[in-house]
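A.B. asks: Got a structure here, written out as structure tokens. Questions coming.
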Amino acid sequence: MDLLGFLLLGFFSLVSHVKGYGGGWINAHATFYGGSDASGTMGGACGYGNLYSQGYGTNTAALSTALFNNGLSCGACFEIKCVNDPQWCLPGSIVVTATNFCPPGGWCDPPYHHFDLSQPIFQHIAQYKAGIVPVAYRRVRCRRKDGIRFTINGHSYFNLVLVTNVGGAGDVHAVSIKGSRTRWQAMSRNWGQNWQSNSYLNGQSLSFVVTTSNGHSVVSYNAAPASWSFGQTYTGRQFNY
């Protein structure tokens, strides 16, 4: 399939599931985890690993089942503010990236909308002693430095690509890959934001199409050179909206 066909297929398959940013505020609750240095937030169900080296820092959240969307919400950005609790709320708002899953149990049970924030970022909107606070949230545009990053793991005939640092909507819903000697082919999502191809792509420069939940796509031609190797990270283009 040619590139235009992949882009059209991706758009029409996603358009009915769009949860765009810039909408109104929605009520939820927030807690915190991970300790004062957020070390306990590393890793997580999105597969990002070290959140510091990936550029997400402590502005992160684990999402309840109702928000996590089986991992498709990984990378989405949310603006959050503490509301209706003057005893514990602090003024202002924060912007966080979805990097983990808050498993069912208490406030993370369906159908609750809940954010389990890193402790440092929680303390920007509420006092530590509060434990849990009512919040309002909305999806916002993700603003990232530099391009989308592709970390290639796996082995021959099993290419597992972790996609990080995605701007715009942030949450990747489709990825296609092309070797310099192959056609475009859709990748399947393995887990979190790890995308899989079972083709033999060794010794070929690699291009990627990344499509987010709002149907927007960005093409990164030859993001990885023909000399790419497993365990390395390569940078492509970025969403400019």
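The values are calculated or read from the model by the stated rules, or taken from the named source; none is laboratory data. Note that this is a predicted model, so its numbers are computed, not measured. Every residue, glycine among them, receives a Cβ derived from its backbone with ideal geometry; neighbour counts consider all protein chains shown. Remember, those area values only see protein heavy atoms, side chains included, never the ligands or the DNA or RNA. Shrake-Rupley method; radii C 1.70, N 1.55, O 1.52, S 1.80 Å.
A.B. asks: Setting aside same-chain residues fewer than 8 positions from K81, which aspartates and glutamates have a Cα under 15 Å from its Cα?
C.D. replies: By straight Cα distance, K81 reaches D116.
A.B. asks: So what are segment 23-137's ellipsoid semi-axes, whole angstrom, largest first, if each one is the square root of 5 times an eigenvalue of the alpha-carbon gyration tensor?
C.D. replies: Numbers: eigenvalues 79, 53, 32 Å².
Ellipsoid half-lengths, sorted descending, are 20, 16, 13 Å.
A.B. asks: Simple spin-label model, 7 Å along Cα-to-Cβ: S53 to Y221 in nm?
C.D. replies: So the label points at S53 and Y221 sit 3.2 nm apart.
A.B. asks: Percent antiparallel among DSSP beta bridges with both residues in the chain, to the nearest 5? Mind showing how you got there, number by number?
C.D. replies: Details: 52 of 61 bridges.
Around 85 percent of the beta bridges assigned by DSSP in the chain are antiparallel ones.
A.B. asks: If I fit a long axis through the Cα atoms of helix 3-14 and take the longest principal axis of the Cα atoms of the chain, what angle between them do I get, 0 to 90°, rounded to 10?
C.D. replies: Between helix and principal axis, roughly 30 degrees.
A.B. asks: To the nearest 0.05, how large is the calculated FRET efficiency for N190 and S36 if R₀ is 25 Å and r is the Cβ-Cβ distance?
C.D. replies: 0.15
A.B. asks: Starting with the highest mean, order 101-110, 145-154 by the number of other Cβ atoms within 10 Å, averaged over the residues of each peptide.
C.D. replies: Working: 101-110: 15.5, 145-154: 17.7.
The densest-packed peptide leads the list: 145-154, 101-110.
A.B. asks: Something else: Using alpha-carbon pairs under 8 Å, 6+ residues apart, how would you state the relative contact order of the chain in percent? Working shown, then result.
C.D. replies: Working: 613 pairs, mean separation 56.8, N = 241.
Averaging sequence separation for qualifying contacts and normalising by length gives 24 percent for the chain.
A.B. asks: At 0.36 nm per residue, minus the direct Cα-Cα distance, what do S156 and T233 gain on full extension? Give it in nm, one decimal, please.
C.D. replies: Numbers: separation 77, 0.36 × 77 = 27.72 nm, distance 1.67 nm.
That pair, S156 and T233, stretches by 26.0 nm at full extension.
A.B. asks: With charges only on Cβ, +1 for K and R and -1 for D and E, what is the dipole size of the chain about its Cα centre, in debye, rounded to 20?
C.D. replies: Numbers: 15 positive and 8 negative charges, 113 e Å.
About 540 debye.
A.B. asks: If you don't mind, another one. Enter the accessible area per residue of segment 145-241 (Å², integer; probe 1.4 Å; all protein chains in place). Intermediate results must be reported in sequence, preceding the final value.
C.D. replies: Values: 3890 Å² over 97 residues.
In whole numbers, segment 145-241 has 40 Å² accessible per residue.
A.B. asks: Something else now. How large a share of the accessible area of segment 35-128, in percent, is made up of carbon and sulfur atoms when the probe is 1.4 Å and the other protein chains stay in place?
C.D. replies: Details: 2020 of 3810 Å².
It is 53 percent, rounded to a whole number.
A.B. asks: Quote the FRET efficiency, to the nearest 0.05, computed for K129 versus R183 with a Förster distance R0 of 41 Å and r equal to the Cβ-Cβ distance. Mind showing how you got there, number by number?
C.D. replies: Working: r = 58 Å, r/R0 = 1.42.
Efficiency at R0 = 41 Å is approximately 0.10.
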